[in-house]
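Have a look at the structure below, then the notes.
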Amino acid sequence: MKQNGTEGATPNRAGGWRSGTGKPGRKLIFYSDVSGSINHTAANQDRFQSSRPGHTCQTPMNFSWRLFTKKHEDSAGDWRWLPRYISIFKATVKDDMQKAKTAMKTMGPAKVEVPSPKDFLKKHSKEKTLPPKKKFDRNMPKKPAVPLRTDHPVMGIQSGKNFINTNAADVIMGVAKKPKPIYVDKRTGDKHDVEPSGLVPKYINKKDYGVTPEYICRRNEELKKAQEEYDRYIQENLKKAAMKRLSDEEREAVLQGLKKNWEEVHKEFQSLSVFIDSIPKKIRKQRLEEEMKQLEHDIGVIEKHKIIYIANK
């Protein structure tokens, strides 16, 4: 096998090239890995001369040449690169992405108030306005003057007070300070103030302690009045819906009227023909029998009960 820049090189057992000289002063070592890709290293430099005249490739050392095809050497003995992969769907995807785009797309119609043509930007409208100019008065009071160099502070004043004896007398004659009341709630010694804890019965000494507040009394009176009005309303409705008792005269009049109606229906029933051979005759006979039966039931109920109540609808 013949390679560019590897004249005199011999193949090794792995199928690669052991050594060779590309140009004077440059020694190239080619070898192939298990996957069939070709690597190279250059002694004292990291570039080599390409198969094309005047073209130099800069490559790092031990760079794996995985961009060669399996048939990495053509008939002329030159190395060839793989062509760049371009998808056949590139144009289709580009058109679809362009169709999906919408200029100034929003989440619905814009609800921004359109500015009025009269409120156009005027000249110097955004400049900051300065405060009004004040008139300078020379007679205004000035700051106090700086002390002169000849002025000196008062020094050398001494006091005849004995601070040691005074402090000792204050401590001896002073009243002992009472310790602050505390309580301990844990065996580890956590201390807390007694006054804000609620253990001190200081609220029972108030004048209004245990007295029902006025607003609660007013609310109880309002509830009591509302309950009385509701009870009164219920009693009135019960009286209106109460059943009325029939007097003896009314009961007797109702009873006599029912008996009279029964006699009239019975007389009409007795006047029926002997032969019931048609449907209208059967219907009439059944109606009269039902009326007589209902009247007999009502008469029996009134005669059985002496006291009768009538519900008001």
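The values are calculated or read from the model by the stated rules, or taken from the named source; none is laboratory data. From a predicted model like this one, the values you see are computed outputs, not experimental measurements. Backbone-built Cβ (ideal geometry, glycine too); neighbour counts: all protein chains shown. Note: areas computed on protein heavy atoms with side chains; ligands, DNA, RNA excluded. Shrake-Rupley method; radii C 1.70, N 1.55, O 1.52, S 1.80 Å.
Quick one: is Asp185 open to solvent by less than 100 Å² (accessible area, probe 1.4 Å), among the charged types (D, E, K, R) and touching a strand residue (DSSP E or B) at 6+ places or on another chain (Cβ under 9 Å)? It would help to see each step written out before you state the result.
Values: open to solvent by less than 100 Å² (accessible area, probe 1.4 Å): yes; among the charged types (D, E, K, R): yes; touching a strand residue (DSSP E or B) at 6+ places or on another chain (Cβ under 9 Å): yes.
So Asp185 passes the test.
Would you mind telling me which numbered condition in (1) under 57 Å from the mean Cα position of the chain (by Cα); (2) open to solvent by 100 Å² or more (accessible area, probe 1.4 Å) Gly210 fails?
Gly210 satisfies all of (1) under 57 Å from the mean Cα position of the chain (by Cα); (2) open to solvent by 100 Å² or more (accessible area, probe 1.4 Å) except (2).
Restricting to the stretch 273-308, what's the tally of residues that are open to solvent by 70 Å² or more (accessible area, probe 1.4 Å), under 30 Å from Lys239 (Cβ atoms) and not β-branched (Val, Ile, Thr)?
Residues meeting the conditions: 3.
Let me confirm something: among Ala253, Ala311, Ala226, which residue is among the small types (Gly, Ala, Ser) and surrounded by 11 or more Cβ atoms within 10 Å (Cβ to Cβ)? Walk me through it before giving the result.
Details: Ala311 fails: surrounded by 11 or more Cβ atoms within 10 Å (Cβ to Cβ); Ala226 fails: surrounded by 11 or more Cβ atoms within 10 Å (Cβ to Cβ).
Sole residue among the options that is among the small types (Gly, Ala, Ser) and surrounded by 11 or more Cβ atoms within 10 Å (Cβ to Cβ): Ala253.
Being among the charged types (D, E, K, R), farther than 28 Å from Ile307 by Cα, touching a helix residue (DSSP H, G or I) at 6+ places or on another chain (Cβ under 7 Å) and open to solvent by less than 100 Å² (accessible area, probe 1.4 Å): is that true of Glu268 here?
Numbers: among the charged types (D, E, K, R): yes; farther than 28 Å from Ile307 by Cα: yes; touching a helix residue (DSSP H, G or I) at 6+ places or on another chain (Cβ under 7 Å): yes; open to solvent by less than 100 Å² (accessible area, probe 1.4 Å): yes.
The answer is yes for Glu268.
Exactly one of (1) open to solvent by 100 Å² or more (accessible area, probe 1.4 Å); (2) modelled with pLDDT of 90 or more is unmet by Lys142. Its number?
Lys142 satisfies all of (1) open to solvent by 100 Å² or more (accessible area, probe 1.4 Å); (2) modelled with pLDDT of 90 or more except (2).
Being more than 45 Å from the chain's Cα centre (by Cα) and assigned to a helix (DSSP H, G or I) is the filter; apply it to the stretch 183-206 and report the residue that is farthest from Ala311 (Cα to Cα).
Asn205
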